[in-house]
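Please read the structure below before turning to the comments.
FYI, it's all coordinate maths here, none of it is from the lab. Owing to the predicted nature of the structure, the values given are computational and were not obtained by experimental measurement. We place every Cβ from the backbone using ideal geometry, glycine too, and count neighbours over all the protein chains shown.
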Amino acid sequence: AAQAFRASILDFTSAPTVEGSGLRFYEDGILVLDQSGNVIALDHAEVLLPSLSQVKTAHFPGKVIMPGFIDSHIHFPQTDVIASYGEQLLDWLNNYTFPAEQRFADYDYASNVAEFFLDELMRCGTTTAMVYCTVHPQSVDAFFSASERRGSRMIAGKVLMDRHAPDALTDTAESGVQESADLIDRWHSNGRQLYCLTPRFAPTSTELQLTLSGELLASSPGVYMQTHLSENHGEIAWVKALFPERKHYLDVYDHYGLLGPTSVFAHGIHLSDDELQRLSDTGSSIAFCPTSNLFLGSGLFDLERTRSFNVGASIATDVGAGTSFSQLHTLNEAYKVLQLQGLSLHPFEAFYWLTLGNAKTLRLDDKIGNFETGKEADFIVMNPQSTPLMAYRYEQCSSLAEKLFLFMTLGDDRLIQATYLQGRQVYQAADV
Ligand code: GUN
Ligand code: FE
């Protein structure tokens, strides 16, 4: 053993019940790591302490250690447009997003924003994300370089867009796919980085670009695919007009071979039964982005219906249409989206979702998501004393479920005291 961490420790071994099966909680626990930052052991302090007399142990009394959060859909260049007033999807893209994304042609600019973006994720306790860069390959190099330097496991890709966007933001069918292939060679499985083919959404790719993207995906084992799907009624009508021969929005992606177990479709708010059935049959998943869906007025994601088709749903911020980098804030909004539909979100399920749940949906659960032996130890230390209100209410809670519900309802970046990647501290809050 190389080092150990002692605190209250929580993780999940499977989807939890409200009674708490599937959940592991050690009131006074120890997490033990090896030299490379992988988990060796997790148990009660009294069990492990005798064997750890020679091992450097960091002790956080009164704090809660949990696996790092996973965000399945976020745009790093949209750090520049978060909180932009007044529009729904298509106008928001044209008026705010496309102008901002043009700045990422400059490697140094992209690099600075990538550093800020990763700092912000770490401050919020997010250790892995599935990330859109811009159409510029240099934005991807900047992002992966920054991520690899700090040792975070990230999935990311170059946006493919060969029509219906400003000239400065378009590639061509051939150049976009060639650049993606080069980026796969450079970055896929390089250290902790994983590549994701990223056609922005159906309206901004020609049929040729979608055809070539599907071919590249088929010949790139392990490479992911991400795009947007059925977010907004204007968008859906536009897709119908552009692809009249396809039976629905999802069929555009299906026709070009873009569905599958490592394909993640953001939003999926206004889907037909047939679309949900096809997502299910192909093992494709949806990223639910509650703050974005509310902010752009896109609609209420129907989690229950999605699950009734056995379609995987991850949970994501979608910054910059999303209004917070914090996955805690995202849970808070998800709870309200579900409440408006007569459902709720139990805190056990919520924290499972941010950790092992998203890891499973992103097919990363062999590497991250909990503290099983051998997994990469990306984790956070949460401080219930971080704000007066949290401290006050925390004191009143008797059960773990109540405490976790406070974290997801009142919590934000201030709850995160420290963030570790494979046992290395990459963020620590200023002393409170
Ligand atoms: N659809 C196509 N591009 C985007 C984007 O950048 N954000 C969101 N929310 N939806 C999109
Ligand atoms: Fe998005």
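Before moving on, here are some points about what is shown:
- Selection among Ser84, Val18, Ala350 by position relative to the dipole of the chain gives Val18 as farthest towards the positive end (Cβ unit charges, Cα centre).
- With Cα atoms, 0 to 90° folded angle of helix 273-282 axis to the chain main axis: 70
- Residue-count net charge about Asn293 - beta-carbon cut-off 10 Å; Lys, Arg +1, Asp, Glu -1: -3
- Close amide H pairs (under 5 Å, H built 1.01 Å from N) link Gln417 with Val381, Met382, Asn383, residues at least 5 positions away or on another chain.
- Positive-end residue of Leu258, Gly214, Thr361, charge dipole of region 69-361 with Cβ unit charges: Thr361
- For region 355-432, the set of chymotrypsin sites (Phe, Trp or Tyr not before Pro) satisfying both a DSSP loop assignment and a count of at most 13 other C-beta atoms within 10 Å is empty.
- Counting neighbouring beta carbons within 10 Å and listing from fewest to most, the residues Tyr253, Tyr107, Tyr352, Tyr85 come out as Tyr85, Tyr107, Tyr352, Tyr253.
- Helix 173-187 vs. the chain, principal-axis angle (Cα, 0 to 90°, nearest 10): 20
- Going from the fewest other Cβ atoms within 10 Å to the most, the residues Asp412, Asp318 appear in the order Asp412, Asp318.
- Once C-alpha pairs closer than 8 Å and six or more residues apart are averaged by separation and normalised to the residue number of the chain, the relative contact order reads 19 percent.
- Once both labels are positioned 7 Å from their Cα atoms along Cα-to-Cβ, the gap between Thr172 and Ala241 label points is 2.7 nm.
- Region 179-232, relative contact order in percent, only Cα pairs under 8 angstrom and at least six apart counted: 40
- Considering only Ala165, Ala418, Ala237, the Gaussian network model of the chain with Cα springs below 10 Å gives its largest mean-square fluctuation to Ala237.
- Alpha-carbon centroids, region 223-255 and region 371-432: separation in whole Å: 39
- The charge dipole of region 69-361, taken about its Cα centre with unit charges on the Cβ of Lys, Arg, Asp and Glu (plus for the first two, minus for the last two), comes to roughly 720 debye.
- Under 11 Å, Cβ to Cβ, from Thr13 - net charge with Lys/Arg +1 and Asp/Glu -1: -2
- Under 19 Å from the Ser219 label point (7 Å along Cα→beta-carbon), backbone N, region 157-175: 158, 160, 172-175
- Counted by Cβ distance under 10 Å from Pro61, the other residues give a net charge of +1, where Lys and Arg count +1 and Asp and Glu count -1.
- Using alpha-carbon coordinates, inclination of helix 207-218 to the longest axis of the chain, degrees: 40
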